[in-house]
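Each reported figure results from applying straightforward, stated rules to the coordinates on display, with no laboratory input. This structure is a prediction, so every number in the text was calculated from the model and none was measured. Here the Cβ positions follow ideal geometry from the backbone for every residue, glycine too, while neighbour counts run over all protein chains shown.
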Amino acid sequence: MASKMKDKLKQAGVFLLRLLLLCAQVTLFFIVLYRILPVPITPLVVMRGFPMERDWVSFDKISPKMVKAAITAEDPKFAGHYGFDFEAITESIEKSIEKDKKPKGRSTISQQTAKNLFFGPARSWVRKGLEVPITVCLELMWTKKRIIEVYLNIIEMGDRVYGIEAAAHHYYKKPAAKLTAAESASIVVCLPLPRKRNPLKLDRKLQRKQQTILRWMNGFEPAPDWWWGK
């Protein structure tokens, strides 16, 4: 009886190991694929349902002001880190200990890209753990330019509005390439809660944040020209 139970546990263990390896292989396949091709759909799009607004654009068709606004506000060390901002993580943990609260997420753009590519909006430590190897793979296999390009094309920017091109048309009736600094900052300030916030209807608190982002953008260089492959 004991030997049968041991055999079953062994078989279950082998099955789980094979399943994990299969998931890892499938994930790696898509990471390699998305290094070149546009991302056709994400788990969040499936969960939110249709109709939706989404239109993929290449990096050179996104306003540099939008790129700068996103990096300045979401991940100012994006050009220099390798997927994780350990200083920000440590700061977040220390503050949470002082206030006796759960640590707030301080995800980099690379981590957010990993999350949006393969996971839904639900938060859990398991998901955070799975994000780590995917983020490492993105940093190793993609350029920073590709990471920010994918990030700005798949992130949710409104109720069933995905990507900067769709957001630019939805809110400002123009392509992403023509977004101004103020418009870019207005979109970025809504990213934490894109379904509840509207770049065209910012309250006073969000207006102050938008102005802060604009001040941060002034003179900030997310990376030298050679870094972008120019």
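Multiply the residue gap between Ala79 and Leu19 by 0.36 nm, knock off their C-alpha separation, and tell me the result in nm, one decimal place.
That works out to 18.1 nm of additional length.
Any chance you could give the angle, 0 to 90 degrees and rounded to 10, that helix 86-99 forms with the longest Cα principal axis of the chain?
For 86-99 against the chain, the angle is about 90 degrees.
Here are some values of volume of the Cα convex hull per residue in Å³: [x] 191; [y] 172; [z] 163. Which one was computed from this structure?
Read-out taken from this structure: [z].
Once the dipole of the chain is set up with Lys and Arg at +1 and Asp and Glu at -1 on Cβ about the Cα centre, which of Ala114, Val161, Ser63 lies farthest towards its positive end?
Val161
Say the dipole of the chain comes from +1 at the beta carbon of Lys and Arg and -1 at that of Asp and Glu; which of Ile148, His81, Leu202 then lies farthest toward its positive end?
Sorting the options by dipole projection puts first Leu202.
Per DSSP helix of 4 or more residues, -39500 (n - 2.57); summed, then divided by the residues of the chain. What does that give at 222 nm, rounded to the nearest 500?
About -18500 deg cm²/dmol.
Once fully extended, how much extra length lies between Glu91 and Ser3, figured as 0.36 nm per residue of separation less the alpha-carbon to alpha-carbon distance?
Gain in length upon complete extension: 26.6 nm.
Relative contact order of the chain, please, whole-number percent, based on alpha carbon pairs below 8 angstrom and at least 6 residues apart.
Relative CO of the chain lands at 27 percent.
What's the magnitude of the charge dipole for the chain around its Cα centre, counting Lys and Arg as +1 and Asp and Glu as -1 at the beta-carbon? Answer in Debye, nearest 20.
It comes to approximately 680 debye.
Rounded to whole Hz and in sequence order, give me ³J(HN,Hα) for segment 141-156 from the Karplus expression 6.51 cos²θ - 1.76 cosθ + 1.60, θ = phi - 60°, writing x for Gly and Pro.
For segment 141-156, the Karplus-derived couplings read 9, 10, 7, 4, 4, 5, 4, 5, 5, 5, 3, 6, 9, 10, 5, 6 Hz, x marking Gly and Pro.
Please state the charge dipole magnitude for segment 128-230, taken about the Cα centre, from unit charges on C-beta atoms (+1 on K and R, -1 on D and E), reported in debye and rounded to the nearest 20.
500 debye
Could you give each residue of segment 159-169 its phi-based ³J(HN,Hα) in whole Hz, using Karplus coefficients 6.51, -1.76, 1.60 with θ = phi - 60°, and x for Gly or Pro?
With coefficients 6.51, -1.76 and 1.60, one gets 5, 6, 10, 10, x, 6, 5, 5, 5, 4, 6 Hz.
With angles folded into 0 to 90 degrees, how steeply does helix 109-118 sit against the dominant principal axis of the chain? Use alpha carbons for both and round to 10.
60 degrees
In a GNM of the chain with a 10 Å cut-off on Cα contacts, which of Cys137, Cys190, Cys23 has the highest mean-square fluctuation?
In the Gaussian network model the winner is Cys23.
Check which residues have an amide H placed less than 5 Å from Glu53's amide H, if you skip close sequence neighbours.
Val161, Tyr162
Using a Gaussian network model of the chain whose springs link C-alpha atoms within less than 10 Å, name the residue from Glu131, Glu91, Glu74 with the highest mean-square fluctuation.
Result for the chain, Cα springs under 10 Å: Glu91 fluctuates most.
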